[in-house]
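Take a look at the structure below.
The values are calculated or read from the model by the stated rules, or taken from the named source; none is laboratory data. As the structure is a computational prediction, the values presented were derived from the model and not from experiment. For neighbour counting, all protein chains shown are included, and Cβ atoms are generated from backbone atoms with ideal geometry for every residue, glycine included. Please note that ligands, DNA and RNA were not included when accessible areas were found on the heavy atoms of the full protein model with its side chains. Shrake-Rupley method; radii C 1.70, N 1.55, O 1.52, S 1.80 Å.
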Amino acid sequence: MYPISTRGYVAALLLAWALSGCAGAQPQPAPTLYQKLGGEKGMHAIVEDFAYRLADDPELVAFFANTNIDYFVNSLQDYLCVISDGPCVYRGAPMDKAHQHMGIHEADFNRLVDALQATLLDQPISASARNQLLKRLAAQHAAVMRYQ
Amino acid sequence: MASPLRRWLRRLLVGATALAAVTALAMPAQAGSRLLGTGGVTQIEGAAGGGLSPWGVLAGTASDTEVAVSVAASEAWLDDYGLRVRGIGVNWHDRVEVSYARQRLALDTLGGVLEQEIYGAKLRLFGDPLYHPWGSWSLGVQHKRLGRGQALARAVGAEATQGNDLYLAGSKLFFDAVAGRNLLANLTLRSTRANQGGLLGFGGDRDSGRSLVAEGSLGLFLTPAWVVGVEYRQKPDNLGFAEEQAWQDVFTALFLTRHLSLTGAWLDLGDIAGLENQRGGYLSLQLAL
């Protein structure tokens with residue numbers, strides 16, 4: 001063990017204090033994924049584009065035959081907001097309950113991911129933000145497919 | 001050695017290739033629903049994979065309710081050799097892949113031609129490259145039969161002119177991994193006696209038994225339809241007359257549509273049959289439906 005002198009200790013504390021931003025320049029917190037996706041405006045654009053793609057896909061639109069589209073769109077926007085660390089509250093059912101007994105096959109899940117990727121590619125967002133959102137949603141696969 | 005069965009299979013392959021080509025070009029519909037590129041391309045033994053190594057995913061983009069067929073034509077231009085491969089693979093419900101490939105190695109410097117047929121099957125055990133934390137894992141077998149060139153294989157010390165490779169392969173896509181891009185990692189463990197993939201026979205005077213070899217590749221998706229990467233494939237060294245090294249390459253694959261992909265690579269295949277440092281280009285065209 002190396003004994004630390006009191007002087008050295010104080011110097012280290014001062015250095016740490018200096019580095020932590022005593023000069024007045026508060027370090028910016030890293031932007032959340034929500035912000036990288038364009039905040040509320042960006043999220044709205046994503047959900048709108050995505051909803052149109054679902055509607056245009058005859059295989060996928062069938063799953064929404066008995067769905068209140070306004071409710072779905074709002075709920076999806078809240079969900080995407082929450083999953084990307086945004087300031088929202090998702091009041092819908094958890095992913096497994098929300099999709100139970102819908103008869104979703106892997107093929108349907110994959111089609112939806114493909115549609116979402118296409119949506120994200122059309123938005124003015126970075127590849128990193130796009131792939132980070134896909135990563136977080138891909139992790140929900142097990143829950144979505146739990147009660148099929 | 002051209003038995004009626006083999007001739008029939010060859011015709012079937014040519015017919016299926018033509019049919020697949022026509023259908024793929026005439027049909028703008030989706031081939032399958034998995035994300036583009038997640039089925040890899042056709043490797044030189046006919047399985048879904050990179051150029052050299054089979055991957056843990058199955059051919060095409062078929063999901064649990066779909067069937068995909070892919071056909072590929074590949075050429076490699078090395079210093080003293082030329083390799084031509086024609087392959088076809090069928091993916092049933094993203095569970096089983098059956099494949100057939102014909103390899104033709106022209107010995108430009110030594111003179112002559114070697115031909116090999118490869119019958120392959122791959123079973124996806126579990127997982128998914130995107131959704132499962134461990135990725136997608138498959139067990140595969142490749143039955144290889146040397147056609148033309150059996151005498152040469154025997155002459156250089158090979159024990160057999162046919163053999164079976166067994167392999168376990170895993171593939172996992174890491175989202176947002178490098179510069180925001182997705183990285184596909186593949187690992188394959190293979191049990192084999194093949195010399196130069198089987199083109200120089202199986203087993204040899206130096207080692208007649210099976211070897212466990214490792215193969216790996218990394219592919220970075222610069223865009224969802226464009227991947228660049230590296231591959232490495234370890235090989236046994238069974239023959240006393242000439243040393244054999246690992247194969248490696250750098251590659252790029254462009255998924256132009258769901259039905260058409262183009263792969264280019266720069267190969268370094270080491271020494272082959274005593275001719276040193278075989279390097280060169282590789283091009284592969286794949287049609288899928």
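Take the residues in the range B:65-81 that are within 14 Å of chain A (Cβ to nearest Cβ) and either outside any strand (DSSP E or B) or under 17 Å from B:Arg10 (Cβ atoms) (or both); name whichever of them is least open to solvent (accessible area, probe 1.4 Å).
Of the residues in the range B:65-81, the ones within 14 Å of chain A (Cβ to nearest Cβ) are B:65-68.
Of the ones still in play, those that are also either outside any strand (DSSP E or B) or under 17 Å from B:Arg10 (Cβ atoms) (or both) are B:65-66.
Numbers: B:Thr65: 71, B:Glu66: 36 Å².
By that ranking, first place goes to B:Glu66.
This table checks each residue for (1) open to solvent by 30 Å² or more (accessible area, probe 1.4 Å); (2) without any contact (Cβ under 8 Å) to a residue 12 or more places away in the chain.
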residue	(1), (2)
A:Pro29	yes, yes
A:Thr32	yes, no
A:Lys41	yes, yes
A:Asp49	yes, no
A:Glu59	yes, no
A:Asn66	yes, yes
A:Tyr71	yes, yes
A:Ser75	no, no
A:Asp78	yes, no
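Which one of B:Arg124, B:Arg104 is touching an Asp or Glu at 6+ places or on another chain (Cβ under 9 Å) and open to solvent by 50 Å² or more (accessible area, probe 1.4 Å)?
Numbers: B:Arg124 fails: open to solvent by 50 Å² or more (accessible area, probe 1.4 Å).
That would be B:Arg104, the only listed residue that is touching an Asp or Glu at 6+ places or on another chain (Cβ under 9 Å) and open to solvent by 50 Å² or more (accessible area, probe 1.4 Å).
Filtering the range B:267-275 for residues that are assigned to a strand (DSSP E or B), touching a residue at least 24 places away in the same chain (Cβ under 8 Å) and open to solvent by 60 Å² or more (accessible area, probe 1.4 Å) leaves an empty set. For B:Leu289, the conditions (1) open to solvent by 60 Å² or more (accessible area, probe 1.4 Å); (2) touching a His at 6+ places or on another chain (Cβ under 7 Å); (3) of a type outside the set (D, E, K, R) are fulfilled apart from (1). Taking the range B:154-180 as the range and being within 25 Å of the chain's Cα centre (by Cα), open to solvent by 40 Å² or more (accessible area, probe 1.4 Å) and within 14 Å of chain A (Cβ to nearest Cβ) as the test, only B:Phe174 passes. Which ones in the range B:201-236 are more than 10 Å from B:Gly50 (Cβ to Cβ), under 19 Å from the mean Cα position of the chain (by Cα), hydrophobic (A, V, I, L, M, F, W, C) and open to solvent by less than 30 Å² (accessible area, probe 1.4 Å)? Hits for the range B:201-236 are B:Phe202, B:Val213.
When A:Val144, A:Val89 are checked against the criterion of being within 14 Å of another protein chain (Cβ to nearest Cβ) and modelled with pLDDT of 95 or more, A:Val144 stands alone in meeting it.
Given the criteria of a type outside the set (A, V, I, L, M, F, W, C) and within 14 Å of chain A (Cβ to nearest Cβ), does B:Gly216 qualify? Steps first, please.
On the way: of a type outside the set (A, V, I, L, M, F, W, C): yes; within 14 Å of chain A (Cβ to nearest Cβ): no.
Taking the combined requirement at face value, the residue does not satisfy it.
Residues checked against (1) modelled with pLDDT under 95; (2) under 25 Å from B:Thr61 (Cα atoms):
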site	(1), (2)
A:Met1	yes, no
A:Ile4	yes, no
A:Glu48	no, no
A:Phe64	yes, yes
A:Ser75	no, no
A:Gln117	no, yes
A:Leu120	no, yes
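The C-beta contact set for the range B:215-230 (first residue within 19 Å of A:Ala127 (Cα to Cα), second residue among the aromatic types (Phe, Trp, Tyr), distance under 6 angstrom, 6+ apart or interchain) comprises B:Ala225/B:Phe255; B:Val227/B:Phe221; B:Gly229/B:Phe251. When residues in the range A:106-136 are screened for being crowded, with 20+ Cβ neighbours inside 10 Å and either within 7 Å of chain B (Cβ to nearest Cβ) or out of contact with any Lys or Arg (no Cβ under 7 Å at 6 or more places or on another chain) (or both), 13 of them pass. The requirement of being out of contact with any Ser or Thr (no Cβ under 8 Å at 6 or more places or on another chain) and farther than 21 Å from A:Glu48 by Cβ is fulfilled nowhere in the range A:67-74; no residue meets it. In summary, helices (runs of 4 or more DSSP H) completely within the range A:69-148 and bearing 1 or more residues that are under 17 Å from A:Glu40 (Cα atoms) occur at A:69-83, A:106-121, A:127-138. A Cβ distance below 6 Å, combined with a sequence gap of six or more or placement on separate chains, defines the contacts here; from the range B:245-256, residues that are farther than 17 Å from B:Leu285 by Cα reach residues that are polar (S, T, N, Q) and crowded, with 16+ Cβ neighbours inside 10 Å in the pairs B:Ala246/B:Gln234.
Among the residues of the range B:127-151 satisfying the criterion of being on the phi > 0 side of the Ramachandran plot and modelled with pLDDT of 95 or more, which is surrounded by the most Cβ atoms within 10 Å (Cβ to Cβ)?
So the residue we want is B:Gly135.
Here is the figure for the range B:257-266: residues that are under 22 Å from B:Gly216 (Cβ atoms) and either free of Cβ contacts under 8 Å to residues at least 40 places away in the same chain or surrounded by fewer than 22 Cβ atoms within 10 Å (Cβ to Cβ) (or both) total 2.
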